[in-house]
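Inspection log for the structure reproduced underneath, given as structure tokens.
The values are calculated or read from the model by the stated rules, or taken from the named source; none is laboratory data. For clarity, every value in this text was computed on a predicted model and none was experimentally measured. Virtual Cβ from ideal backbone geometry, glycine too; neighbours counted across all protein chains shown. With ligands, DNA and RNA removed, areas are computed over all heavy atoms of the protein, side chains included. Shrake-Rupley method; radii C 1.70, N 1.55, O 1.52, S 1.80 Å.
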Amino acid sequence: MEKYVINTSTLIIINKNNYSMVIENDQQLIVNKTAKDIIEDSCNYYGSSLKGRISGSKNLIGVGYKCPIIINENKSIIFFPTSGLRDNNCIWISLNNIEKYYVNELGKTEIIFKNNYKITLLLSLGIIDRQILRATRLLAVLNGRKWHNYLLNKYILCYNNFVYRSTNYI
């Protein structure tokens, strides 16, 4: 596959040498692009850039390295990296699709997604825990702003409706 856009079904993007394995709820795809290129293409598709998303995340939660990014604000799709962007072994994980994570009996970190797909990572629980915490903070800020804007728009609509009705009586 030459082109791929991240969606709500995307669970994880695993970077290989010159391609990536994308795991969705019900299928595994091979995409002839790096994970970073897939992230960049998806950001562009949804109206931004990877650089812009990273800058936005830094401003919202104050994290500069390995920061999670919002892929799509309307659907609250947030992905976080397991390592730096320049690392060829960087894996991108969907926050929204994680069911649970833990250390297995072999001391490896496992993530189980909502569709019961399981992946074992050679990373400490602390690293994954920190990345999930950062991504959750980003989601909380995003949701807080959505809620604030919703209430503000509702107030303006009510106010305008009241003013319109009041002027009809004059």
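Below are the figures for this structure:
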{"quantity": "Net lengthening on full extension, Glu73/Asn115 (0.36 nm per residue, minus Cα-Cα)", "calculated": "12.9 nm"}
{"quantity": "Probe 1.4 Å, protein heavy atoms only - accessible area per residue of region 68-107 in square angstrom", "calculated": "49"}
{"quantity": "Tail weight of P(r) past 27 Å, computed on alpha-carbon pairs of the chain, percent", "calculated": "32"}
{"quantity": "Packing rank of 124-134, 11-21, where each peptide gets the mean count of other beta carbons within 10 Å, highest leading", "calculated": "11-21, 124-134"}
{"quantity": "More than 18 Å apart - percent of Cα-Cα pairs taken over region 30-74", "calculated": "28"}
{"quantity": "Listed residue (Thr82, Val63, Ile14) projecting farthest to the positive dipole end of region 1-95, Cβ model", "calculated": "Val63"}
{"quantity": "DSSP-loop chymotrypsin sites (Phe, Trp or Tyr not before Pro) across region 46-130, with at most 14 other Cβ within 10 angstrom", "calculated": "Tyr65"}
{"quantity": "Spatially near lysine pairs across the chain, Cα under 16 Å, sequence gap of 8 or more or different chains", "calculated": "15"}
